[in-house]
Ligand SMILES: [Ca+2]
Ligand SMILES: [Ca+2]
């Protein structure tokens with residue numbers, strides 16, 4: 001509305017100026033050319049025409065003004081609507097600003113939280129690096145332990161094999177031990193039997209010296225030698241008064257003798273008899289007058305009551321003995337039969 005008013009003022013001003021200008025031109029022409037009456041009539045017609053044109057223009061302008069008023073009214077309404085919309089927008093803007101402030105605060109908080117999280121993340125990264133280092137170390141330790149475990153397993157397998165071999169050997173040893181125990185038991189039984197046999201076996205052994213009185217000499221008959229000096233006589237099977245050994249049980253016996261003399265250019269003789277039968281005879285020629293010995297022995301199987309003795313043959317043969325037991329006769333039971 002305010003913009004339309006100056007426009008109307010301008011239009012009216014233009015119409016007035018046009019009229020004034022036309023009147024001035026008429027006056028000028030009247031003053032300059034009083035003679036040109038035909039020209040004045042023409043000029044008057046032109047002014048009327050111009051006025052009519054101006055009226056049309058005014059009408060048009062009036063129409064334009066009305067249109068402008070309508071437009072103005074519409075514009076005012078629009079403006080009012082725009083203001084309302086502006087207020088609404090301002091309200092929304094305020095609300096958004098409030099929200100924006102809240103969001104800024106929230107963003108700040110998020111930034112702070114993010115910073116804290118980044119710090120925490122850095123710490124966690126350091127921990128992760130440390131953990132990875134530890135894991136590497138543990139993996140190396142684990143690898144070493146696995147190698148050691150493999151070695152231990154191999155050793156265990158070897159031990160198991162060795163153990164199996166030892167068990168086999170132990171089984172053999174047990175069997176052998178059982179066999180030995182069986183043999184030992186048999187041996188013990190045999191020993192016990194032997195002990196029992198020994199316990200019941202007669203004990204027979206003797207030794208006797210010939211004499212303390214020097215030479216013993218045969219005459220015209222055989223001389224039964226009586227070894228009078230008992231050295232040992234277990235079982236009393238030898239008689240120091242008769243010179244005979246009498247077997248107490250049936251069995252195997254061993255007899256031996258040693259006799260001595262120191263003759264010059266003479267023979268030594270000695271004989272062993274069993275039940276009056278000659279078992280053996282020894283002879284020696286002695287020339288030097290120094291000591292000479294005859295010695296021998298024999299194993300004899302005797303029945304209970306059999307007798308064994310020594311003799312000097314007839315013909316003046318001689319033996320010598322003294323306290324040194326230079327001539328002796330011995331015998332013992334080997335085992336009964
Ligand atoms: Ca000789
Ligand atoms: Ca001699």
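Summary table below
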read-out: Cα extents of the stretch 48-119 along the three principal axes, largest first (Å); value: 96, 20, 8
read-out: 12 Å cut-off, amide nitrogen to a point 7 angstrom out along residue 94 Cα→Cβ, residues in the stretch 72-88; value: 87-88
read-out: Whole-Å distance, taken between Cα centres, linking the stretch 237-298 and the stretch 44-58; value: 215
read-out: Residues in the stretch 301-327 reached by a label modelled at residue 281 [backbone nitrogen below 16 Å; 7 Å Cα→Cβ]; value: 310-318
read-out: Most mobile of 125, 83, 134 in a GNM of the chain (Cα contacts under 10 Å); value: 83
read-out: Sequence-separation-based contact order of the stretch 213-293, relative, with Cα cut under 8 Å and 6+ spacing, percent; value: 22
read-out: Efficiency of FRET between residue 47 and residue 70 - r from beta-carbon atoms, R0 51 angstrom, step 0.05; value: 0.90
read-out: Value of [θ]222 nm, deg cm²/dmol, for the chain, DSSP H segments ≥ 4, -39500 (n - 2.57) each, nearest 500; value: -22000 deg cm²/dmol
read-out: Point-to-point label distance, residue 83-residue 109, nm (Cα→Cβ direction, 7 Å offset); value: 4.0
read-out: For the stretch 203-336, radius of gyration divided by Kirkwood radius, i.e. Rg to Rh on alpha-carbons; value: 0.97
read-out: 10 Å binning of all Cα-Cα separations within the chain, expressed as whole percents from 0 upward; value: 4, 11, 9, 6, 5, 4, 4, 4, 4, 4, 3, 3, 3, 3, 3, 3, 3, 3, 3, 4, 4, 4, 3, 2, 0, 0
read-out: Computed E for residue 190/residue 140 - FRET, C-beta separation, R0 56 angstrom, nearest 0.05; value: 0.20
read-out: Inter-site label distance for residue 229 and residue 203 at 7 Å from Cα along Cβ, in nm; value: 2.5
read-out: The chain: most fluctuating residue of 261, 59, 222 per GNM, C-alpha cutoff 10 Å; value: 59
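We did not get these values from a lab; they are worked out from the coordinates using the rules stated. Since this is a predicted model, take the numbers as computed values, not measurements. As a convention, Cβ positions derive from the backbone with ideal geometry for all residues, glycine included, and neighbour counts pool all protein chains shown.
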